[in-house]
Amino acid sequence: FQKTEAPRPPGAKDLHAYPWDKSSLKSMPVDLQQLEKLDAYALKVNVTNSVEELVKALLKQARTDLEKVRAIWMWICHHIEYDVVGYHNKSQVSSKPRDVLQMGKSICEGYAELFEHMCSLAGIQCKKLSGHAKGHGYKTGQTFTGDSDHAWNAVYLEGRWHLLDSTWGSGSVDDSFTKFTYRYNEFYFLTHPALFINNHFPDNSNWQLLKPTLTLKEFENNMLHNSNFYTLGLLAAHPETPIIRTVNGKASVSVDCRSGTLFMFKLKGTDEHGLMTLKRHGMELDIYPQKTGSHKLEIFAKSSKAEASDDVYKCVLEYVVECESVDKAMRFPKDLHQPVGPSWFSERQGFLRPSHREPVLHTNDGRCSLTFTLGKDISVLTSLHTDGSSSLAEDMGRRHVLQIHRRNQIELKVHLPHAGNFVLKIYSKKKSDPGNYDYIFNYLIRCLNTEVKWPAFPQSYSKWLQDYEIVEPLSGLLPANRNVQFKLKMHGIAKVLVQAENTYPLTQNKGCWEGTCNTSGCREVFVMVHENANHSFYSHVLKYEVETQ
């Protein structure tokens, strides 16, 4: 082993700009793929009789200083476990490198001392640092007083100091602090100092390796972004302080990220008191707590890339929302599903060029119409939902939305049965797939006008084809004892009849079948078609109700 000189203090050339420039997660270029072989070798090294022998074995496959540090880092992260028992009575725990190696477990102090000792044996300058950390037991917005509570290391590579934390690289402890789980975390190896400061505050501020350095107060007030935040490619969050006060019952949060990230949130464990919209490069969330007081708000994210290894949402941010007044008008139906409104995700599912990009539609007369360009081979299903005693039976929820297809365009006409908050859910499947429809996205539709009372659209049967269109009557409820004008766009059929008490043929005129029918003496009116002039049987395509006297 060569002798390492005493670590030099950090100077100007070690410093990184703060805030983070969003360039790299690490303080120097590291090609993780090139290190894979070395990583695999280091994990298999099984020497625990002496630290010297262990370092010798690890260095067999390491040439550069970076490789030497990497081999030591990898071994420690996968072979030393956090001593949860020792944490509770620290005086009983030895942090001496030899003891840590023999026991195979330690607390942060022992990880950092073992790391420092192994580096010095390998001829690499390394320093143990101590300070405050936003680690286990940290409460949003808390202050730090008294002695430091965590230890980590700085290593000298390629002419500069770099930071790492092998305790946090090795895994995590459960909430009750009784069980440690190995879960390797690449983020804490040579972390960019502007990100490391997010949860590590050294006793000696020179070891922040930042210009400008942060004060303890700034550290306390700063938003905690955990490693998942950066590992998932998220870039920034607003507000940048962890405690948010509502204004008129509302609080807003947004996240910027690289494209293709899915989000969810929980306010006091549920996602029903907010409106989240997915953006191409992030998300926006408006929260409307329905109780005053302070509420925990958690934001979760996951990558939408198919090859993303673990397809689970991970917590990336935590806020505390202080709510002073409640906006009762912003209660959302329980059927509302987050995120709300169209997004790159619904586009990816074939719903292109939405006429309404906002998540909420306001209608005064209880009617609205949305259009999309549809991708190829897509069949659409919709339903309308609302809360309370007036909640719509499933088939009625379907019948308050009418689909109109014109080539690759779809129009969704919505006629609300009454005032209130409604959720319009949109499902789709490939026409060629026999299977079920998948839920894609939803809108919130609001109508305050209490006069509104639209009947459902007529009921359609399987012979009513997707590209047929009802021009009139759109209402599924016809007036009694009245002549009603019919006009339907249908193709490829020989004859159309409207059957009330009597039967009325419609005549073809420029692609439309038109005519009148009298509704007296009947409760239902059917539209029937002859697909072929030679056939004697008719198929039902539409059914209308007639108002009772």
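The values are calculated or read from the model by the stated rules, or taken from the named source; none is laboratory data. Since the model is a prediction, treat every value here as computed from it, not as a measurement. Glycine also receives a Cβ, built like all others from the backbone with ideal geometry; neighbour counts cover every protein chain displayed. For the accessible areas, the whole protein counts, side chains as well, though only heavy atoms, and no ligand, DNA or RNA atoms are used. Shrake-Rupley method; radii C 1.70, N 1.55, O 1.52, S 1.80 Å.
Here are the numbers for this structure:
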quantity	calculated
Residue 147 paired with residue 53, simple spin-label distance in nm, labels 7 Å along Cα-to-beta-carbon	3.4 nm
Compactness of the stretch 344-447, expressed as Rg and Dmax over alpha-carbon positions, Å	13.5, 39
Global geometry of the stretch 403-462, whether rounded, prolate or oblate, following the gyration tensor of its Cα atoms and the 1.5 cut on a/c	prolate
Directionally averaged shadow of the stretch 459-546, computed from the convex hull of its alpha-carbon atoms, nm²	5.2 nm²
Integer Hz, Karplus 6.51/-1.76/1.60 couplings in order for the stretch 279-293, x for Gly and Pro	10, 3, 10, x, 8, 10, 9, 10, 10, 10, x, 9, 9, 6, x
Volume in Å³ per residue [convex hull over Cα atoms, computed for the stretch 112-214]	120 Å³
Under 15 Å from the Cα of residue 37 - aspartates and glutamates, other chains or at least 8 residues apart	67
Neighbourhood net charge (14 Å Cβ-Cβ; Lys/Arg +1, Asp/Glu -1) for residue 332	0
Sulfur and carbon atoms: percent of accessible area, the stretch 32-219 [1.4 Å]	48 percent
Rg to Rh, two decimals, where the stretch 31-129 supplies the alpha carbon set and Rh follows Kirkwood	0.98
Added length on full extension, which subtracts the Cα-Cα distance from 0.36 nm per residue, residue 13 to residue 520	173.3 nm
Cβ-Cβ FRET estimate between residue 533 and residue 254, R0 fixed at 60 Å, reported to 0.05	0.45
Cysteines, the chain, no other Cys beta-carbon under 4.7 Å	77, 108, 257, 315, 323, 368, 447, 512, 517, 522
Residue-level accessible surface for residue 398, protein heavy atoms, 1.4 Å, Å²	80 Å²
Carbon + sulfur, % of accessible area of the stretch 344-447 - ligands and nucleic acids excluded, 1.4 Å	46 percent
Compactness of the stretch 32-219 - radius of gyration and Dmax, Cα, Å	16.1, 47
Using alpha carbons only: equivalent-ellipsoid semi-axes of the stretch 232-323, gyration tensor based, whole Å	24, 13, 11
Most to least packed among 152-162, 350-360 [average Cβ atoms within 10 Å]	152-162, 350-360
Loop-located GluC sites (Glu not before Pro) in the stretch 508-549, at most 16 other Cβ atoms within 10 Å (DSSP)	531, 547
Theoretical FRET efficiency, 1/(1+(r/R0)^6), r = Cβ-Cβ of residue 446 and residue 28, R0 51 Å, to 0.05	0.45
P(r) tail fraction, the stretch 407-523 - alpha-carbon pairs more than 24 Å apart, %	44 percent
Environment charge at residue 148 (Cβ cut-off 14 Å; Lys +1, Arg +1, Asp -1, Glu -1)	-2
Theoretical gain in end-to-end length, residue 89 to residue 393 [0.36 nm per residue, Cα-Cα removed]	103.3 nm
Sorted peptide list for 197-206, 89-98, 245-254, criterion being average Cβ within 10 angstrom, highest first	197-206, 245-254, 89-98
Loop-located GluC sites (Glu not before Pro) in the stretch 408-472, at most 13 other Cβ atoms within 10 Å (DSSP)	451
Label assignment, volume of the Cα convex hull per residue in Å³ derived from the structure, set [x] 192; [y] 223; [z] 205	[x]
Heavy-atom accessible area per residue - the stretch 125-264, 1.4 Å, Å²	40 Å²
Exceeding the 19 Å Cα-Cα cut-off - candidates 26/60; 13/217; 334/431; 217/291; 44/68; 22/128	26/60; 13/217; 334/431; 217/291; 22/128
Two-site label geometry, residue 481 and residue 215: point separation in nm, points 7 Å out along Cα→Cβ	8.5 nm
Descending principal axes extents, the stretch 36-84, alpha-carbon based, whole Å	35, 21, 17
Residues whose placed amide H lies under 5 Å from that of residue 341, excluding near-sequence neighbours	442, 443, 444
The chain - mean residue ellipticity at 222 nm from DSSP helices (-39,500 (n - 2.57) per run, n ≥ 4, rounded to 500)	-4500 deg cm²/dmol
Table column - 3J(HN,Hα) (Hz), the stretch 6-22, Karplus curve with 6.51, -1.76, 1.60, x for Gly and Pro	5, x, 7, x, x, x, 4, 6, 8, 8, 10, 6, 10, x, 3, 8, 6
Gain on full stretching of the segment that runs from residue 235 to residue 466 - 0.36 nm per residue minus C-alpha separation	78.7 nm
